[in-house]
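The values are calculated or read from the model by the stated rules, or taken from the named source; none is laboratory data. Just so you know, these numbers come straight off a predicted model, no measurement behind them. Glycine gets a Cβ as well: all are built from the backbone with ideal geometry, and neighbour counts include every protein chain shown. Protein only, heavy atoms only, side chains kept; ligands, DNA and RNA dropped before computing areas. Shrake-Rupley method; radii C 1.70, N 1.55, O 1.52, S 1.80 Å.
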Amino acid sequence: IGEDSGNCRSCGTQISVYFCSICKHLTSMDMNPFHCEKCGICRIHKDKSFHCEVCNVCLDKRLEGKHKCRPDSGHDECCICFEDAFSGCQILPCSHVMHKECALDLIQRGIRTCPVCRQPLPKWRGRKSLNK
């Protein structure tokens, strides 16, 4: 994969609409991908995201000014499975993070509070609402 990898080196055919030479990421423009210099990785939904300087992670614009900031909390591990949650996590109103799949599993088991601080979880009604 080179600098021009949006196109095939042999025939010149376009492979993808979006190509990030830093991440070597190839994709369509369906989810409005972008490379966040501050996160250092490609993200999706540029039009719906902002980078929180305190949390040091890109968040949904609906959380701007409405979430509890903790320094570098975007680099926390999932509070359920303890694996890295930097990409693909759900940030709770209490600022703790968990993978969307882990959050869904909690809710399906009837647990409605954050496992770290016991604050109530947002009212999600299944997988579709977690992906908003």
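Observations on the model:
- Surface exposure of the chain, expressed per residue as accessible area with a 1.4 Å probe, stands at 64 Å².
- Using the Cβ-Cβ distance between ILE111 and LEU26 with R0 set to 35 Å, the FRET efficiency works out to roughly 0.35.
- Cross-link pairs LYS100/LYS123; LYS66/LYS123; LYS24/LYS46; LYS46/LYS123; LYS38/LYS61 - those with Cα-Cα distance over 20 Å: LYS46/LYS123
- Estimated from helical segments only, the mean residue ellipticity of the chain at 222 nm is -2500 deg cm²/dmol, where each DSSP H run of four or more residues counts as -39500 (n - 2.57).
- In this structure, PHE50 and CYS8 have a Cβ-Cβ separation that, at R0 = 22 Å, corresponds to a calculated FRET efficiency of about 0.05.
- Dividing the C-alpha radius of gyration of segment 40-88 by 2.2 N^0.38 Å, with N its residue count, gives 1.13.
- Shape class of segment 64-116 from the Cα gyration tensor (axes a ≥ b ≥ c, square roots of the eigenvalues): oblate, since a/c reaches 1.5 or more and a/b does not exceed b/c.
- Of all accessible heavy-atom area on segment 45-117, the percent that carbon and sulfur account for (1.4 Å): 51
- Calculated P(r) tail over 19 Å for segment 4-85, as whole % of Cα pairs: 50
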